[in-house]
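Trainee: Dropping a structure here in structure tokens format, bear with me for questions.
Every number here is computed from the coordinates shown, using simple stated rules; none is lab data. Fair warning: this is a prediction, and the values are worked out from it, not measured in the lab. Cβ placement follows ideal geometry from the backbone for every residue including glycine, while neighbour counts extend to all protein chains displayed.
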Amino acid sequence: MPISPATGSASTGPASNGSSTVNGSAEAILLELVDETGTTIGTAEKLSAHLPPGRLHRAFSVFLFDDAGRLLMQRRALGKYHSPGVWSNTCCGHPYPGEQPFVAAARRTAEELGVAPVLMREAGTVRYNHPDPASGLVEQEFNHLFVGLVRAEPRPDPQEVMETTFVTPAQLAELGAGATLSAWFGTVLDAARPAARELTGAEAGW
């Protein structure tokens, strides 16, 4: 299970602390607030939406696999304001207000990992409420799931991603036994499994 450290250049996109920098000044990042059906009902600043008890907002999670059916995992950079240093799925994040989840998923996969999927498709949605014990933040999310294939070597942005690895289901179990996984990872993986199995085939084991 080779693990590749991040070696990319510094990000020019949104900073890990929930704000972006424009002409040297911080600009708040807004998320879409939604109701239980996923209908947009407003916006909120990114960090405030994650403060207890959390506000339900739109998110996305991406699961990219190689041609052997191995899942691309990332370890989140230590500078991230939320869940730093933990392993999680290929990419996850939040669309900007009005941005389509598919577009946001493709955008952030490129920004964080320096790759473009050769195929990516919708894999359903899942709603969850996951407190993060380490940070005290809460994930109240209506999450749009995507699965796809990647053939390029990841070139992670070190401000976003510490390292990456491709894993089989057995290797994922080993990784989870020896390292911390993100609070939401198990929920989004379980929800995406049917689409992952359809994409990778039964022999991949997902």
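Trainee: For the chain, modelled as a Gaussian network with Cα springs under 10 Å, which listed residue fluctuates most, A152, A191, A183?
Mentor: Greatest mean-square fluctuation among the candidates belongs to A152.
Trainee: While we're on this one: Restricted to Cα positions, what overall size does region 89-141 have along the principal axes? Three whole-Å values, descending.
Mentor: For region 89-141, the Cα spread along each principal axis is 36, 21, 21 Å.
Trainee: For the chain, find the longest principal axis of its Cα atoms and tell me its angle to the long axis of helix 101-113, 0 to 90°, nearest 10.
Mentor: 70
Trainee: Apply the Karplus curve 6.51 cos²θ - 1.76 cosθ + 1.60, θ = phi - 60°, to the phi angles in region 158-173 and return the couplings in whole Hz, x for Gly and Pro.
Mentor: x, 6, 10, 9, 6, 6, 9, 7, 9, 10, 7, x, 5, 5, 5, 4
Trainee: Restricting to DSSP loop positions (anything but H, G, I, E, B) with no more than 13 other Cβ atoms inside 10 Å of their own Cβ, which trypsin sites (Lys or Arg not before Pro) remain in region 114-206?
Mentor: On the way: sites: R121, R127, R151, R197; in loops: R151.
Sparse-neighbourhood loop trypsin sites (Lys or Arg not before Pro): R151.
Trainee: Under 5 Å between amide hydrogens, which residues at least 5 positions from Q159 or on another chain qualify, with H placed 1.01 Å from N in the peptide plane?
Mentor: S11
Trainee: Roughly how compact is the chain, stated as its Cα Rg over 2.2 N^0.38 Å to two decimals?
Mentor: It is 0.96.
Trainee: Rg over Rh of region 28-69, using C-alpha atoms and the Kirkwood radius, what does it come to? Before the final figure, lay out the partial values.
Mentor: Details: Rg = 14.1 Å, Rh = 11.9 Å.
Ratio of gyration radius to Kirkwood radius: 1.19.
Trainee: Hey, got the dipole for the chain? About the Cα centre, +1 on K and R Cβ, -1 on D and E Cβ, debye to the nearest 20? Mind showing how you got there, number by number?
Mentor: Details: 15 positive and 22 negative charges, 18 e Å.
With only Lys, Arg, Asp and Glu charged at Cβ, the dipole is about 80 debye.
Trainee: Excluding the sites themselves, what is the longest stretch of the chain that contains no GluC sites (Glu not before Pro) in a DSSP loop with at most 16 other C-beta atoms within 10 Å? Spell out each step's value before the answer.
Mentor: Details: sites that count: E36, E99.
Answer - 100-206.
Trainee: Quick check for you: which residues of region 85-128 have the amide N under 18 Å from the point 7 Å beyond the Cα of A179 toward its beta carbon?
Mentor: 85-92, 112-114
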